[in-house]
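Trainee: Input: one structure, supplied below.
The values are calculated or read from the model by the stated rules, or taken from the named source; none is laboratory data. It should be emphasised that the depicted structure is a prediction, and the values quoted were computed from it without experimental measurement. Heads up, the Cβs are rebuilt from the backbone with ideal geometry, glycines too, and the neighbour counts pull from every protein chain shown.
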Amino acid sequence: MKKQKLSIAFIMLCVAAAPVADIHAEKAGKGGISPEMMSRIRASYPDDATTKALRNALGNSDIDKIALNSEAGNAFDTNFSHRVKSKGITNQKSSGRCWLFTGLNVLRAQMMATHDLPELQLSQNYNFFYDQLEKANLFLQGMIDYAGRPMDDKMVDWLFTNPISDGGQYTGLSDNLMKYGVVPAEVMRESYSSNNTSRMRNLIALKLREDGLELRRMYADKAKPAALQTRKEQMLGEIYRMLALTLGTPPSEFIWTRKDSKGNVVSTRKYTPMEFYKEFAGNDLKNDYVMLMNDPTREYYKPYEIDYDRHTYDGENWTYINLPAEDIKKMAIESIKDNAMMYFSCDVNKFFDRERGVLDTDNFDYSSLMGVDFGMNKADRIRTHASASSHAMTLVAVDLDAEGKPLKWMVENSWGNGANDGHLIITDKWFDEYMFRLVVNRKYIPADILAIARQTPIMLPAWDPMFSPDE
């Protein structure tokens, strides 16, 4: 009996093995890599002396160092015909708060110029505290709003995938400042967790996901709306505790001494954050500014809105006017000529020579190095998720030729001191390919484009490729 069982098992194994081989061969013929195809692929690789030398170099070096186009930096002019005055480079360190640094840098430059202040730094930590608390509420209220949908619903899945982040965009900035005001940097200084946000953010995200599941269970158990809201508030109290322990407690009022540009004391008084904002800034960030976008995958001269892409539940969704790059440049030039900085976002890591602080499509020659073509245009890169806005900075300068056409641009970055005193230089060609968003004061926008902003925007889903928070 024992021998018979072994024989049967052996026969079954052989029978099972044969179809596997047949299936493998069949799949190879329908799209898999067959041995014959592998032979042809191997034969296409020229294993000559030049290729071996290149392989040795790439195997022991940074690809960008070898692809660096040394000719691109020769005789590179760093002079700018028009530049907005700025003072003091900021450093977001290991955090995704570039959107906040950029917005506050634009604001502080204006405040210093308007009120003859010798220097001013605004507290990113103060506004970041409320940003994280508001985003937590946005997620939890979303859990309540969509509690009746199944877990595999696209919106529910998106919420659990994106419970909170430290990245953001302009409408989140405007909602935050118009609701909570601002404070000087010395009133609420940076903490380790504000400069290094990943661990704090991950812990809060973990807690929010747990809370989201609890709210869904309560809804399934027929909890009344009031009970859901009460429990949400308790959850927010726990998030507040986590933020206060890691970032500090935001002040409700503070005493600040104002000095003029010569260092003379002008006044010493008590402010609330909103009083400080209204006295020294006063901008209506929601109504005085318009976000412009260059997205060649969609129709130009149309307004668009991304659903649920906001920082606060009662705030504004990300809304923009889609325009050709040339139109955006004209408004940017007018703004710079009038000494007004702008919120600017782009795909910063593309063709970025960090040592020189230059963004130029000619910086690296990957095609010659690898022996392959990289031919996608901007629209194709967006469609395939190969490119999207990744970082916000402050646009401060443009260099115009004799005919008034831009040759290059300059942005004030928030990565501390470095090349060009913490500024990045952008060639006009790179601007065309990797610039995405610019926020411009209405007074620099032509009437026909402003009229577009009054149209009902085309609604896009939260998971649209343009949902790419600046970090």
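Trainee: Taking region 358-373 only, how many residues are hydrophobic (A, V, I, L, M, F, W, C), over 10 Å from I66 (Cβ atoms) and within 28 Å of the chain's Cα centre (by Cα)?
Mentor: 2
Trainee: Right, next: Only residues that are surrounded by fewer than 19 Cβ atoms within 10 Å (Cβ to Cβ) and either at pLDDT below 95 or within 18 Å of K378 (Cβ to Cβ) (or both): list them for region 430-452, please.
Mentor: D432
Trainee: Here is a follow-up. Yes or no: K179 surrounded by fewer than 20 Cβ atoms within 10 Å (Cβ to Cβ) and either in contact with a Cys (Cβ under 6 Å, 6 or more places away or on another chain) or not in a helix (DSSP H, G or I) (or both)? Break it down into steps so the answer makes sense when it comes.
Mentor: Values: surrounded by fewer than 20 Cβ atoms within 10 Å (Cβ to Cβ): yes; either in contact with a Cys (Cβ under 6 Å, 6 or more places away or on another chain) or not in a helix (DSSP H, G or I) (or both): no.
Criteria not met by K179.
Trainee: Would you confirm, using the coordinates I've provided, whether D62 is surrounded by fewer than 18 Cβ atoms within 10 Å (Cβ to Cβ), more than 30 Å from the chain's Cα centre (by Cα) and not small (G, A, S)? Spell out how you get there, then give the answer.
Mentor: Values: surrounded by fewer than 18 Cβ atoms within 10 Å (Cβ to Cβ): yes; more than 30 Å from the chain's Cα centre (by Cα): no; not small (G, A, S): yes.
So D62 fails the test.
Trainee: Is it true that some residue in region 228-240 is free of Cβ contacts under 8 Å to residues at least 60 places away in the same chain, over 30 Å from A113 (Cα atoms) and either buried (at least 18 other Cβ atoms within 10 Å of the Cβ) or basic (K, R) (or both)?
Mentor: Step one: of region 228-240, the residues free of Cβ contacts under 8 Å to residues at least 60 places away in the same chain are 230-231, 233-234, 237-238.
With over 30 Å from A113 (Cα atoms) added as a condition, the list becomes 230-231, 233-234, 237-238.
Those left that are additionally either buried (at least 18 other Cβ atoms within 10 Å of the Cβ) or basic (K, R) (or both): 231.
Yes: one or more hits.
Trainee: Can you list residue pairs whose Cβ atoms sit under 9 Å apart, with the first residue in region 113-127 being in contact (Cβ under 8 Å) with a residue 60 or more places away in the chain and surrounded by fewer than 17 Cβ atoms within 10 Å (Cβ to Cβ) and the second being among the aromatic types (F, W, Y) and part of a helix (DSSP H, G or I)? Count only pairs 6 or more apart in sequence or on different chains.
Mentor: Short answer, once both residue conditions are applied: T114/F280; H115/F280.
Trainee: Would you check which residues across region 251-305 are among the acidic types (D, E) and within 16 Å of D116 (Cβ to Cβ) and list them? Write out each step before concluding.
Mentor: Start the filter on region 251-305 by keeping residues that are among the acidic types (D, E), which leaves 253, 260, 275, 279, 284, 288, 295, 299, 305.
Answer for region 251-305, where residues must be among the acidic types (D, E) and within 16 Å of D116 (Cβ to Cβ): D260, E279.
Trainee: Can you work out which of the residues in region 379-408 that are among the aliphatic types (A, V, I, L, M) and either surrounded by fewer than 20 Cβ atoms within 10 Å (Cβ to Cβ) or in a loop (DSSP other than H, G, I, E, B) (or both) is nearest to the chain's Cα centre (by Cα)? Working first, answer last.
Mentor: Applying the first criterion (among the aliphatic types (A, V, I, L, M)) to region 379-408 yields 379, 382, 386, 388, 392-393, 395-398, 400, 402, 407.
Within this subset, residues satisfying the condition of being either surrounded by fewer than 20 Cβ atoms within 10 Å (Cβ to Cβ) or in a loop (DSSP other than H, G, I, E, B) (or both) are 379, 386, 388, 400, 402, 407.
Working: A379: 18, A386: 14, A388: 8, L400: 28, A402: 35, L407: 26 Å.
Checked region 379-408; the qualifying residue nearest to the chain's Cα centre (by Cα) is A388.
Trainee: So which of M274, M342, M293 is more than 20 Å from the chain's Cα centre (by Cα) and at pLDDT 95 or above?
Mentor: Working: M342 fails: more than 20 Å from the chain's Cα centre (by Cα); M293 fails: more than 20 Å from the chain's Cα centre (by Cα).
Among M274, M342, M293, only M274 is more than 20 Å from the chain's Cα centre (by Cα) and at pLDDT 95 or above.
Trainee: Which members of region 335-362 meet the condition of being in a helix (DSSP H, G or I) and more than 20 Å from Y320 (Cα to Cα)? Show your work before the answer.
Mentor: Step one: filter region 335-362 for residues in a helix (DSSP H, G or I), giving 335-337.
Residues satisfying the conditions are I336, K337.
Trainee: Consider region 280-313. How many of its residues are among the hydrophobic types (A, V, I, L, M, F, W, C) and part of a strand (DSSP E or B)?
Mentor: So the first thing to find is which residues in region 280-313 are among the hydrophobic types (A, V, I, L, M, F, W, C), and the list is 280-281, 285, 290-293, 306.
Those still in the list that are part of a strand (DSSP E or B) too: 290-293, 306.
Counting residues in region 280-313 that are among the hydrophobic types (A, V, I, L, M, F, W, C) and part of a strand (DSSP E or B) gives 5.
Trainee: Separate question: Can you name the condition, by its number, that P46 falls short on among (1) surrounded by fewer than 17 Cβ atoms within 10 Å (Cβ to Cβ); (2) out of contact with any helix residue (DSSP H, G or I) (no Cβ under 8 Å at 6 or more places or on another chain); (3) in a helix (DSSP H, G or I)?
Mentor: (3)
Trainee: Next question. When you look at M435, is it under 18 Å from the mean Cα position of the chain (by Cα) and within 14 Å of I328 (Cα to Cα), yes or no? Full working, then the answer.
Mentor: On the way: under 18 Å from the mean Cα position of the chain (by Cα): yes; within 14 Å of I328 (Cα to Cα): yes.
When the stated conditions are applied, M435 passes them.
Trainee: Now a separate question. Which ones in region 319-370 are over 18 Å from S387 (Cβ atoms) and touching a Pro at 6+ places or on another chain (Cβ under 9 Å)?
Mentor: T319, I321, D327, K329, K330, M331, A332, I333
Trainee: Kindly indicate whether K329 is of a type in the set (K, R) and surrounded by 18 or more Cβ atoms within 10 Å (Cβ to Cβ). Explain how you work it out, then say what you get.
Mentor: Working: of a type in the set (K, R): yes; surrounded by 18 or more Cβ atoms within 10 Å (Cβ to Cβ): yes.
Answer is yes for this residue.
Trainee: Considering only residues of region 332-360 that are surrounded by fewer than 16 Cβ atoms within 10 Å (Cβ to Cβ) and not acidic (D, E), which is farthest from Y444 (Cα to Cα)? Please lay out each step first, then the result.
Mentor: If we filter region 332-360 for residues that are surrounded by fewer than 16 Cβ atoms within 10 Å (Cβ to Cβ), which is where we start, we get 337-339, 349, 354-355.
Going one step further and asking which of them are not acidic (D, E), we end up with 337, 339, 349, 354.
Details: K337: 11, N339: 12, N349: 29, R354: 32 Å.
Per the criteria, the residue is R354.
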